[in-house]
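The values are calculated or read from the model by the stated rules, or taken from the named source; none is laboratory data. Fair warning: this is a prediction, and the values are worked out from it, not measured in the lab. Counting neighbours? That spans all protein chains shown, and the Cβs are built from the backbone with ideal geometry, glycine included. What goes into the accessible areas is simple: the full protein's heavy atoms, side chains included, and nothing from ligands, DNA or RNA. Shrake-Rupley method; radii C 1.70, N 1.55, O 1.52, S 1.80 Å.
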Amino acid sequence: MAIKIKVADTKIVVLNLLMCLMTFYTVFYITVSLCIGVLRVEDTDSLLAPFDYKTKPSWTNKKYLVNVISLEVTCLLSGCMFAWIVEEWVWDYAITVILVHVGLTTGVMSDFPSAEPWWIALGAGLLVMIFGGQLLAYKLYKNNFIYPDLENF
């Protein structure tokens, strides 16, 4: 049994994934910059902010607030933008982007993230990304969605 994969389909998936990754990190850095300005945080490294899971979790810690707010806002906006890029496959690309983000975080910080609040925020962000993006995709492309024929199932 041979697997038949069209090269064009693979190229489209890879290009869509690259566009989603670029969208995610562009939105992330813009959001981090805005949060740093709004919350007037001076002692943070904005280049490492998307990967920083070692900041002490506290609602009074402005650096932690920058990280959490920017992650959640980024996930919401990115999920909605993914809807325009990949139409109905938002959930698949969202999960892949988050997995790549975990891998990059591990590489940048030279340690696997073990902070429980970071995982909770990332999981919440993933849910926001999936549901927000999928809802927008449904609203925009509901006539184009592929529905399985379940009558003879």
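Within segment 98-113, the residues that satisfy the criterion of being in contact (Cβ under 8 Å) with a residue 12 or more places away in the chain and open to solvent by less than 60 Å² (accessible area, probe 1.4 Å) are Ile98, Val100, His101, Val102, Thr105, Met109, Pro113. Only residues that are open to solvent by 20 Å² or more (accessible area, probe 1.4 Å) and over 17 Å from Ile69 (Cα atoms) were counted across segment 116-137, and they come to 5. Restricting attention to segment 75-120, the residues that are touching a Ser or Thr at 6+ places or on another chain (Cβ under 7 Å) and within 19 Å of Lys54 (Cβ to Cβ) total 2. Applying a threshold of 6 Å to beta carbon distances and a minimum spacing of six or more residues, or different chains, the list of pairs starting in segment 116-128 at a residue that is touching a residue at least 60 places away in the same chain (Cβ under 8 Å) and ending at one that is surrounded by 13 or more Cβ atoms within 10 Å (Cβ to Cβ) reads Pro117/Pro57; Trp118/Tyr53. Taken over segment 38-97, the residue count meeting the criterion of being open to solvent by less than 50 Å² (accessible area, probe 1.4 Å) and in contact with a Pro (Cβ under 6 Å, 6 or more places away or on another chain) is 2.
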